[in-house]
Amino acid sequence: MGKYLGRSIAGLFISLGISLFIINLFQIPLDQVLAIPPALLLSSILLGLVRFTAQGLRLHLLLIKFADIRIGFTGAIILRGASEFFALTTIPFIADEAARTWLLTKRGESVGRAFWISLTEMILDTVVGGFIAVISGLNALIQHIYYIALPILVISIFQIMAVLVFIVAVKSANEGLIVDVVRRLAARLPLPRELRDKVGHGWGDAVRSLISWNNLPLFSAQLVTSFVVMSTPALVLYLILSDAVRYGFLESLYAFHSGNTLGLLPITVGGSGLTEAGVYLYLSGVLGLVSPATVIQWRIATYYIPLIISGIMLIQAVLKRQGA
């Protein structure tokens, strides 16, 4: 895992470079970018902690139901936050799921079960985030902003359809299809080969069980926590835009998910550049707000601050694994 951590640190500098490039491209005064009011900075930190807590609660509930090991609520928050570091510093492709799989196996969980629990979280984020993104795209489509609406709709609908097909295959116990998909995913996982070869074991247990009627309360709780996870960055954007009184939380939610949808494309580290572009285009094209500085301030509050928090959690998680 050491070499993957090295790649993540390199990714951090790449992301920072992209942010500096955007600042230079739009000729944004640096003092304007850094002029974040203390109250907003504190709110961003608190909302970031709320997001990590929601992610930790979701993981904790999944572990209680499906895992062979027992990890406390605080431990689940730290573990989930630690894996988020890799999501923020690598090209989006289940990097944080691989990190959670690795951390869970180091605590005694089987590779297959750890992977499926981690994959279930990704599916929940995709379903909730994709649904909001579709609404965001439709809102842009209604206003005839086609250059924003069409990419968002195409990407988000494809993501939702891919997840639905996957869930149906799991639910119907279509082992051949699932094993093939998992093998393709495993080949790209940043895990040691001996772990990658085992991710297909116990395939679909968590996903198949979660969507059964017997687990409807758990599934509902997972959707609620996933909505919190997928809406707190939008709430930060809403607070930044609070001076523009005509904009409500829904508009901020749509703008965030426009950026988040583009940021999920496996092109740049942590969606850097693409996320900012999506938010900026939605704010300017749909809401009529042209403010690159606002977007950069929002990115600092929802990317770099959580990055620091997740880095601290990663250190705690690794130290705990080593018995320090």
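Among 99-107, 62-70, how do they line up from the highest to the lowest mean number of other beta-carbon atoms within 10 Å?
Working: 99-107: 23.6, 62-70: 16.6.
In decreasing order of mean packing, 99-107, 62-70 become 99-107, 62-70.
Run the dipole for region 7-107 about the Cα centre, Lys and Arg Cβ at +1, Asp and Glu Cβ at -1, nothing else charged, and hand back the magnitude in debye, nearest 20. Don't skip to the answer; put the middle values down first.
Values: 9 positive and 5 negative charges, 94 e Å.
Using Cβ point charges on Lys, Arg, Asp and Glu, region 7-107 gives about 460 debye.
Which of the peptides 146-156, 6-16 is most tightly packed, and how do the rest follow, judged by the mean count of other Cβ atoms within 10 Å per residue? Walk me through the numbers before you get to the answer.
Numbers: 146-156: 18.2, 6-16: 16.5.
In descending order of packing, they fall as 146-156, 6-16.
Ranked highest first by the average count of other Cβ atoms within 10 Å around their residues, in what order do 233-240, 29-36 fall? Don't skip to the end; give the middle numbers.
Values: 233-240: 23.0, 29-36: 12.1.
Averaged packing, sorted descending, gives the order 233-240, 29-36.
Convert each backbone phi in region 140-146 into a coupling constant with the Karplus relation 6.51 cos²θ - 1.76 cosθ + 1.60 (shift: θ = phi - 60°), then list the ³J(HN,Hα) values in order as whole Hz, x for Gly and Pro.
For region 140-146, the Karplus curve yields 5, 5, 4, 8, 6, 8, 5 Hz.
Among rounded, prolate and oblate, which fits region 1-60 when a ≥ b ≥ c are the square roots of the eigenvalues of its C-alpha gyration tensor, a/c under 1.5 means rounded, and a/b larger than b/c means prolate?
Values: a/c = 3.42, a/b = 1.18, b/c = 2.90.
Since a/c reaches 1.5 but b/c is at least a/b, the shape of region 1-60 is classed as oblate.
FYI, it's all coordinate maths here, none of it is from the lab. As the structure is a computational prediction, the values presented were derived from the model and not from experiment. Every residue, glycine as well, gets a Cβ built from its backbone with ideal geometry; the counts of neighbours run over all protein chains shown.
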